[in-house]
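Step one of this worksheet: look at the structure below.
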Amino acid sequence: MMATLVRWIWGIVVVALTIPPASTVSYTTTCVCLSEPVQSGDFHSPVAFIQDNERYLVAEQSGKVHSYSLSWRKYEVLFLDMRDKVSFDPNTQDERGLLNLALHPQFSDNRKLYTFSVRTLQDGHDYVIVSELQEKNGYVDTKKEKILLTIQQTSPYRNGGALLFGPDGYLYVGVGDGGTQGNSGNEQLATQAQDKHNLLGKILRINVNTLNYTVPSDNPFVNGNKGQPEIFAYGFRNTFRCSFDKYSNELFCGDNGNHHQNEVDVIRKGRNYGWNIKEGDICLAPGQCEQLADEEKPIFTYNNSNQYSAVIGGYVYRGKAFRLHWLGDYIFGDFSGGLLRLVRHNDKWQSQTVQLCPISSCPCDARAKYGQYLHSFGQDDNGELYIITSTFNEGKQMASLLKLVPPSPSYVTCSGTNIQFSADLTLFIFLAVLFLTTALLDT
């Protein structure tokens with residue numbers, strides 16, 4: 001009996017050694033799964049995600065910034081609270097509030113960080129405020145805030161919100177055109193984006209490594225004669241999110257259009273991106289478009305429609321999880337139209353839709369749901385991408401922070417304890433049971 005049983009057990013071992021390991025899903029068009037690293041249903045209007053070497057930071061439009069450990073433990077710390085400073089109404093589609101934050105490149109040493117917010121000051125007007133703060137012992141004291149830029153808005157809308165450090169160490173600021181007085185709706189009256197003596201509708205570049213700030217010596221209008229010295233590029237409507245490609249150092253921005261087109265731009269020093277004379281590739285002012293000074297055309301445009309409404313700038317992918325499929329591609333999205341991807345072919349960009357994977361092909365811990373609306377992108381230190389989405393239920397916003405994850409081998413089941421069985425493993429278990437049963441019967 002024992003000899004027979006041993007013989008069958010060795011048979012099982014031989015079969016096990018011949019079964020190939022579970023392989024990844026083979027796919028030509030990459031789909032994505034979504035993990036939810038922290039239960040974020042209690043977030044109120046989250047708008048930005050960043051990482052430093054020590055923590056993850058999630059900013060809310062209300063003015064709060066939450067800090068999480070790198071292991072995403074369930075506890076969180078209120079890292080920064082600016083609710084008493086910013087202007088934001090959570091019960092409306094308010095575009096103001098705390099819109100972004102950026103850590104100084106030497107944050108680990110100087111603990112300095114920078115915020116982009118919209119505030120209503122004592123004169124009753126709204127202003128874009130760029131300020132410097134400093135962390136101490138895990139918290140930020142807003143009483144020691146240093147205001148760097150104060151830019152008056154012409155309306156509560158189109159504030160911009162891009163804020164990031166470049167590879168040159170300078171701080172880049174994307175300011176929207178501010179809209180029209182009283183939000184008249186007549187877009188052609190918003191001429192400030194073409195006015196180089198006005199900071200609205202611009203990408204600014206400043207050096208914050210001084211007592212207040214200085215202007216880099218190679219800014220295009222540094223002498224102030226032909227434009228404000230802080231201006232790096234101009235002609236934008238609403239640059240909400242921008243990012244640098246870690247490989248090429250190119251600056252990519254999404255610029256929200258009005259009625260016609262949204263666009264993605266690569267930002268070049270001193271160049272004019274067209275608004276309000278052009279919207280994307282569409283000429284709004286016949287007779288002026290042909291002679292548009294310093295024009296730099298977008299690398300990609302798409303039309304507004306029932307599906308698409310507002311571009312959300314993303315990142316050129318340099319991570320590992322999607323390396324075989326996305327390396328060097330620009331991953332971005334639309335507020336109501338989902339995730340998108342630009343693929344470069346000989347300096348021309350072609351667009352593709354990024355599909356969500358079927359739930360059955362996702363790991364058990366990456367089956368979170370995409371919300372109705374896309375608010376922002378984030379990137380961790382490994383180059384992996386995060387998104388912030390939201391869903392409105394009975395007028396209440398439920399928002400989530402989600403990580404983009406590749407699909408896995410098809411799993412037969414996902415229990416409540418996340419026990420996973422691949423097709424190969426299931427086959428092995430079946431054969432093992434079959435061999436053992438036969439052996440026992442044989443004895």
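The values are calculated or read from the model by the stated rules, or taken from the named source; none is laboratory data. No experiment lies behind these values; they were computed from the predicted model shown. So basically every Cβ, Gly included, is an ideal-geometry build from the backbone, and we count neighbours across all protein chains shown. Each accessible area value is taken on the protein alone, full model and side chains, heavy atoms only, with ligands, DNA and RNA left out. Shrake-Rupley method; radii C 1.70, N 1.55, O 1.52, S 1.80 Å.
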The aspartates and glutamates whose Cα lies under 18 Å from the Cα of LYS396, excluding any fewer than 8 residues away in the same chain, are ASP42, GLU60, ASP89, ASP94, GLU95
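Just how many % of Cα pairs in segment 238-301 lie over 13 Å apart, if you round to the nearest whole percent? Can you show the working numbers first?
Working: 1233 of 2016 pairs.
For segment 238-301, the fraction of Cα-Cα distances above 13 Å is 61 percent.
Could you size up the charge dipole of segment 102-231 around its Cα centre, putting +1 on the beta carbon of Lys and Arg and -1 on that of Asp and Glu, and report it in debye to the nearest 20?
180
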Enter the Cα centre distance for the pair segment 322-358 and segment 203-218, rounded to the nearest angstrom. 34
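Expressed as a whole percentage, what fraction of the accessible surface of segment 47-327 belongs to carbon and sulfur atoms when a 1.4 Å probe is rolled over the protein heavy atoms?
On the way: 5490 of 12120 Å².
Summing carbon and sulfur atoms, their accessible area is 45 percent of the total for segment 47-327.
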Separation in nanometres of the label points that stand 7 Å from Cα toward Cβ, at SER217 and SER69: 4.8
Provide the solvent-accessible area of SER351, counting protein heavy atoms only and rolling a 1.4 Å probe, rounded to the nearest 10 Å². 60
Hits among aspartates and glutamates - C-alpha to C-alpha of LYS369 under 13 Å, sequence gap 8 or more where chains match: GLU36
Can you work out the Karplus-derived ³J(HN,Hα) for every residue in segment 116-125? Use 6.51 cos²θ - 1.76 cosθ + 1.60 with θ = phi - 60°, whole Hz, and x for glycine or proline. 10, 9, 10, 9, 9, 8, 4, 7, x, 9
Take the residue pairs LYS226/LYS246; LYS269/LYS403; LYS196/LYS348; LYS85/LYS143; LYS146/LYS196 and return only those whose Cα atoms are more than 22 Å apart. LYS226/LYS246; LYS269/LYS403; LYS196/LYS348; LYS146/LYS196
Just going by the charge dipole of segment 47-327, with Lys and Arg at +1 and Asp and Glu at -1 on Cβ, which of VAL58, GLY138, SER155 is farthest out on the positive end? GLY138
Report ³J(HN,Hα) in whole Hz for each residue of segment 225-231, in order, from the Karplus equation J = 6.51 cos²θ - 1.76 cosθ + 1.60 where θ = phi - 60°; Gly and Pro get x. 6, 9, x, 5, x, 6, 6
Residue-normalised accessible area of segment 56-167, given per residue in Å² at a 1.4 Å probe: 45
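Where nothing but the Cβ of Lys and Arg (+1) and of Asp and Glu (-1) is charged, how large is the charge dipole of segment 47-327 around its Cα centre, in debye to the nearest 20? Working shown, then result.
Details: 30 positive and 33 negative charges, 158 e Å.
Around 760 debye, computed over segment 47-327.
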Listed by chain and number, the aspartates and glutamates with an alpha carbon less than 16 angstrom from that of LYS136, same-chain partners under 8 positions apart left out, are ASP52, GLU54, ASP81, ASP109, GLU145
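Highest first, please rank the peptides 363-370, 193-200, 311-318 by the mean number of other Cβ atoms sitting within 10 Å of their residues.
Working: 363-370: 16.5, 193-200: 20.0, 311-318: 24.2.
By packing density, highest mean first, the sequence is 311-318, 193-200, 363-370.
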Using modelled backbone amide H atoms (1.01 Å from N, in-plane), which distant-in-sequence or interchain residues come within less than 5 Å of ASP52's amide H? LEU57
